[in-house]
Structures are given as structure tokens and as C-alpha cells.
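Everything on this sheet refers to the single structure shown next.
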Protein chains: 2
Amino acid sequence: MPEQPPYLRIADELRRRIMEHMWEPGDRLPSRTQIGQECGVGENVVRRAQELLISQGMLEGRAGSGTYVAEPRQRVRIVRSSAREQPEGSPFHADMKAVGRQGDWESRTDAKIPAPPEIAARLGISEGDLCVRTTYEFLADGRPVQLSASWEPYDLTAGTLVVLPEGGPHAGAGVVNRMAAIGITVSHAVEQPEPRQATTEEASLLGTQKGSLVTHIRRTYYSDQGHPVETADIVIPASLCEIVYEIPIGR
Amino acid sequence: MPEQPPYLRIADELRRRIMEHMWEPGDRLPSRTQIGQECGVGENVVRRAQELLISQGMLEGRAGSGTYVAEPRQRVRIVRSSAREQPEGSPFHADMKAVGRQGDWESRTDAKIPAPPEIAARLGISEGDLCVRTTYEFLADGRPVQLSASWEPYDLTAGTLVVLPEGGPHAGAGVVNRMAAIGITVSHAVEQPEPRQATTEEASLLGTQKGSLVTHIRRTYYSDQGHPVETADIVIPASLCEIVYEIPIGR
DNA sequence: TCGAATTTGTGCGTATGTATC
DNA sequence: GGATACATACGCACAAATTCG
């Protein structure tokens with residue numbers, strides 16, 4: 001006798017009401033106490049049901065304020081392929097342009113940061129060697145959609161015009177173009193995507209729910225000499241972005 | 001004064017004991033009642049702590065049996081790039097060979113299945129058009145590490161030797177090689193990785209924990225004519241595999 | 001400006017289900 | 001089949017955040 005648990009029944013009920021446009025996106029739901037009394041269940045049952053729908057991206061909880069019907073935001077398509085690298089402009093600008101959005105970013109660069117163990121391993125340098133670290137917050141139409149922290153060995157660019165990724169004449173041109181400017185040819189990138197849950201800080205920066213799913217990409221650019229020239233940790237929230245890899249098959 | 005909640009204290013305690021080899025991988029922990037009494041907390045506090053460590057892949061809960069220290073299984077590296085496609089052999093074999101593991105798979109093909117809406121859209125055919133569907137369970141050293149469901153338009157291969165992906169002279173050779181055998185050149189693939197939690201069925205098939213994280217890749221192969229020739233849903237558990245995309249940058 | 005009321009979020013307890021031995 | 005242990009669902013208390021008078 002598969003009797004459905006109360007909280008799933010309430011979840012279905014809430015889903016039904018949203019589907020029937022009883023509440024529109026952006027609307028605030030009645031309080032848990034109200035819904036509970038109306039449906040004849042305890043308020044925790046309502047809470048469980050709402051948590052389920054929140055995890056599915058259908059509802060959105062705001063502490064102290066209420067539970068809201070989530071806006072069906074169109075996801076940004078982020079293309080990750082060789083075609084992404086253009087002789088001019090940044091890869092992110094190209095992504096945003098392709099979906100008709102305005103692409104901007106905020107960045108903060110710290111020069112001469114000692115490399116932590118994992119970064120050192122990825123860059124093929126020694127732990128504690130100096131790096132230039134730049135943290136990014138990428139925005140689509142002014143709203144954050146992607147986080148990133150980029151690391152470059154300080155020795156590689158020291159004394160050149162491209163020491164600072166977001167400064168000088170090649171500011172914001174992307175790693176490939178900047179390296180090209182100092183005579184380094186970037187031949188390939190390796191990306192390692194991993195699913196995980198957003199930290200509270202990430203969720204806050206991205207404006208997503210706390211446990212929401214993200215793809216954490218560890219990307220490393222290599223020169224034609226086979227040496228790593230840059231590595232980055234990129235955090236892409238599933239609710240805001242879709243990731244697309246294009247792979248040529250040429251035989 | 002940020003006072004640490006009891007369940008986090010217990011989690012740290014359990015972590016510490018594991019680090020100090022008080023319990024070895026594969027060992028069963030004492031029951032929650034026992035741990036609770038020993039540490040002076042309720043057993044639900046122990047449960048919370050264990051859930052946390054389980055979600056981090058450090059512990060493993062087996063219903064009716066006990067909670068165990070997870071075996072530190074080496075993850076399989078799955079490379080997704082053009083280099084993966086070889087004139088002979090399957091891409092999966094190449095992956096496994098590269099990490100020194102034996103690669104096998106079990107498959108089941110159903111011919112003439114009507115295409116569900118999403119598959120039809122991805123293949124550029126009409127809903128209900130007939131397809132050949134093959135579901136796979138990929139094994140590394142005999143243990144499942146990856147699930148996949150592949151769809152091909154029936155019209156494309158009907159009457160040829162490669163109708164059945166896992167039958168005939170080109171069995172298991174991969175989509176690119178099979179299509180080449182009937183004169184179709186596959187020019188590129190598009191992969192869309194998305195993070196989500198494993199369903200109960202997937203977790204059971206893969207031998208992972210229930211809510212564990214997976215990367216669900218929607219992959220579509222396109223011919224040089226620009227038409228989709230195959231699409232697949234690939235489920236890769238984060239605890240067992242690491243995914244690597246290699247992207248050439250050539251200017 | 002501040003504080004009280006409201007609402008969501010977190011932690012913990014208890015009862016029951018279910019799988020394993 | 002019984003005993004044991006994990007898994008699930010529900011309830012309660014309190015904290016944190018927001019809103020509003």
C-alpha cells in the first residue's frame with residue numbers, strides 16, 4: 001500500500017497551484033502557518049514540501065521575508081571550445097554577445113601571492129612560489145552568473161605589460177591574447193568539471209539558494225612548450241548557466 | 001561567540017578518529033547509540049554528523065548493516081576530446097587503458113522505440129519517430145562507473161550493418177566509426193554537462209550513496225552535413241570518475 | 001531610529017519504516 | 001523470524017533575517 005507521505009502531497013498541491021497560475025512568479029506564498037492550517041497539516045510538513053520545491057528551483061526562500069515563486073530566468077549559455085578564443089575581445093564577452101546579453105565583470109588582482117599547494121601542483125611550480133591571483137565576478141546584464149579565481153606564475157609575466165590581467169593595454173583580453181603579446185603561444189586548455197554544492201559565500205555572491213548545484217571547473221592553459229601558464233577555478237551555477245563543450249572530431 | 005553545534009563537533013571527532021586510523025577503510029563504526037553515549041550526545045546528533053561525512057564521501061551508510069569508513073577508491077579519468085576518437089576500438093576502452101584498468105560494458109538495445117519529446121528535439125526529428133535506443137553500463141575492473149543511454153534515428157541506419165550499435169561487425173566500435181562504415185562523416189560533438197544528484201536507481205546501479213553528485217552529460221554527434229546522428233544521456237558519478245576536457249587552442 | 005512581530009532557517013528529539021544479518 | 005541498525009518523516013524550540021510601525 002504505497003501511501004504518499006503528507007509532505008509530498010503538499011508539494012504536489014503547491015506545484016499544482018503554481019501551474020494553475022494561482023501564484024505568479026515573484027509572488028510571495030502565504031506563511032507556512034497559513035498553508036498548514038488550510039491544508040490540514042503541521043507547518044513542518046509545509047516546510048519540507050517547500051524545501052523540496054526550493055531544491056528543484058521552483059520556489060525561493062528568503063529568510064525573514066517569505067517563500068516566493070521563482071522567476072523562470074533564462075539560462076546563459078557558456079560555450080567552452082577552441083572557437084571561444086578570438087583574436088580580439090574576451091571569451092566571456094563573446095559568450096554574452098551570443099545570447100544577446102551585456103557582459104561585464106568585476107575583478108580584483110593581488111600580485112605576489114604565494115601559491116597554495118594545489119595551485120602549485122597545477123602550475124608545475126613549487127609551493128609558495130609567487131603568483132598573480134585575480135578573482136572575477138562575471139555579470140550578465142548586471143547580475144552575477146559566474147565566479148572565477150585565476151592564478152599565473154609571477155615569474156612568467158614579471159616585468160612585462162601583461163603582469164596584471166586586468167591592467168595595461170591588454171586588459172581583459174583573455175589569457176591567450178595576453179600571453180601572445182609577450183611571445184607565449186597557448187596551445188591547449190584542459191578543463192576538469194566537477195559537480196558540487198555552492199558554499200554559502202558563493203550562493204550569496206551569485207544570488208542563488210544555499211545548497212544549489214554548481215559546476216566547479218578547474219581549467220589550466222598550457223603553452224606550446226607544454227608548460228602551464230595559467231590555472232583557474234571557475235564556479236558556474238546550474239540554475240543560471242548551461243555549459244556547452246564543442247568537440248571537433250576531424251579524422 | 002560562534003559556538004560550534006554539537007553535530008559539527010561530533011563530525012570533527014569522527015574525522016579525527018578516521019585520520020588517526022582508529023578505524024580503517026572498510027571498518028564498521030559502532031552503532032549510533034554507542035557513539036552517542038560515548039560522546040554524550042543524542043543519537044540523532046551522531047546521525048547528522050554521519051550524514052555530513054557521508055555527503056563528503058568519507059563514510060558510507062548501509063541500511064540495516066551499519067556505517068562504514070569509505071574505501072579511498074582511485075577515480076577513473078574520463079577524457080572527452082577529439083583525441084578520444086580512434087580509428088579502432090571504442091572511446092571507453094581507450095579511457096580505461098589510459099588508467100590501467102580493464103574496460104567492459106553491458107548493453108541492451110531496443111530497436112524501433114518512438115522518440116520522446118526531448119530526444120526528438122535533440123535529434124531534429126519528430127516526436128514519436130522511431131529510434132534505436134541502447135542503454136549501457138560501463139565497468140572498470142568489473143565495477144560500474146558510468147551509465148549511458150544512446151539514441152539514434154532508426155531511418156539513419158535501417159537496413160545497414162550498423163543498425164544495432166552492439167551487434168554486427170562494427171559492434172562496440174563507437175558512433176564515429178560505425179557511422180563512417182555507412183558513409184556518414186561525423187564532424188563534431190556537442191556536450192552539455194549538468195550537475196545533479198543521483199536518482200535512487202542510478203545510485204543502486206553505480207553502487208554509490210543515494211544523494212551523491214553526478215554529472216549528467218547530454219551529448220550529440222553531428223554529421224558534416226550538420227545533422228544530428230546520435231544523442232546520449234551520460235551519467236558520471238563524481239565519486240568514481242573525474243572528467244577531463246582537452247581543448248585545442250590553435251589560432 | 002529602534003524594537004516588536006512575522007517568517008524563514010537550523011538544530012535536535014521521537015516515532016516509524018525498512019533493510020540486513 | 002527476530003534483533004539490530006540505518007533511513008525517513010514529523011514535531012518542537014530557538015535563532016536569524018526581514019519588515020513595519
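Each other copy places its own label point for residue B:17 at 4.5 nm from this one, sorted shortest first, where the point lies 7 Å along the Cα-to-beta carbon line. 3J(HN,Hα) along the stretch A:59-75, derived from phi through the Karplus expression 6.51 cos²θ - 1.76 cosθ + 1.60 where θ = phi - 60°, amounts to 10, 9, x, 10, 4, x, 10, x, 10, 10, 6, 5, 6, x, 6, 6, 7 Hz, with x in place of Gly and Pro. Label point of residue B:28 (7 Å along Cα→beta-carbon): distances to the other copies' equivalent points are 5.2 nm, sorted ascending.
All distinct Cα pairs of the protein assembly as shown go into the 1/r average, and the inverse of that average, the Kirkwood radius, is 25.6 Å. Mean residue ellipticity at 222 nm, helices only, chain A: -7500 deg cm²/dmol; runs of at least 4 DSSP H residues each add -39,500 (n - 2.57), and the sum is divided by the number of residues. In terms of its C-alpha gyration tensor, the stretch B:172-211 comes out oblate, because a/c is 1.5 or above while a/b does not outweigh b/c. Calculated translational diffusion coefficient of the stretch A:6-69 (20 °C, 1.002 mPa s; Stokes-Einstein with Kirkwood radius over alpha-carbon pairs) equals 187 µm²/s. How many percent of the accessible area of the protein assembly as shown is carbon or sulfur, using a 1.4 Å probe? That share works out to 50 percent.
Exposed loop sites are taken as GluC sites (Glu not before Pro) in a DSSP loop (any state but H, G, I, E or B) with at most 11 other beta carbon atoms within 10 Å; the longest stretch of chain B without one runs B:89-251. Of the whole protein surface, residue B:8 contributes about 50 Å² of accessible area at a 1.4 Å probe radius.
Along its principal axes, chain B has C-alpha extents of 70, 38, 37 angstrom, given from the largest down. For chain B, relative contact order (Cα pairs under 8 Å, six or more residues apart, normalised by length) works out to 16 percent.
With all protein chains in place and ligands, DNA and RNA left out, the 1.4 Å accessible area ranks A:53, B:205 as B:205, A:53, largest first. Per the rotation superposing chains B and A, the chain B residue found at the smallest beta carbon distance from the axis is B:195, 2, distance in Å. Shortest first, residue B:86 label-point distances to identical copies amount to 3.8 nm, with the label point at 7 Å from Cα along Cα→Cβ. For the stretch A:1-80 and the stretch B:115-163, what is the separation of their Cα centres, given in Å? Distance between centres, Cα-based: 35 Å. Kindly identify the stretch B:148-235 as rounded, prolate or oblate by the Cα gyration tensor criterion: order the square roots of the eigenvalues as a ≥ b ≥ c, call it rounded if a/c is under 1.5, otherwise compare a/b with b/c, prolate if a/b is larger, else oblate. Here the stretch B:148-235 falls in the prolate category. Considering only DSSP beta bridges with both partners in the protein assembly as shown, what is the antiparallel share in %, to the nearest 5? Taking every DSSP beta bridge with both residues in the protein assembly as shown, the antiparallel ones total about 90 percent.
The values are calculated or read from the model by the stated rules, or taken from the named source; none is laboratory data. Predicted model only: the values in this text are computed from it and were never measured. Virtual Cβ from ideal backbone geometry, glycine too; neighbours counted across all protein chains shown. Ligands, DNA and RNA are excluded from the accessible area calculation, which covers all protein heavy atoms including side chains. Shrake-Rupley method; radii C 1.70, N 1.55, O 1.52, S 1.80 Å.
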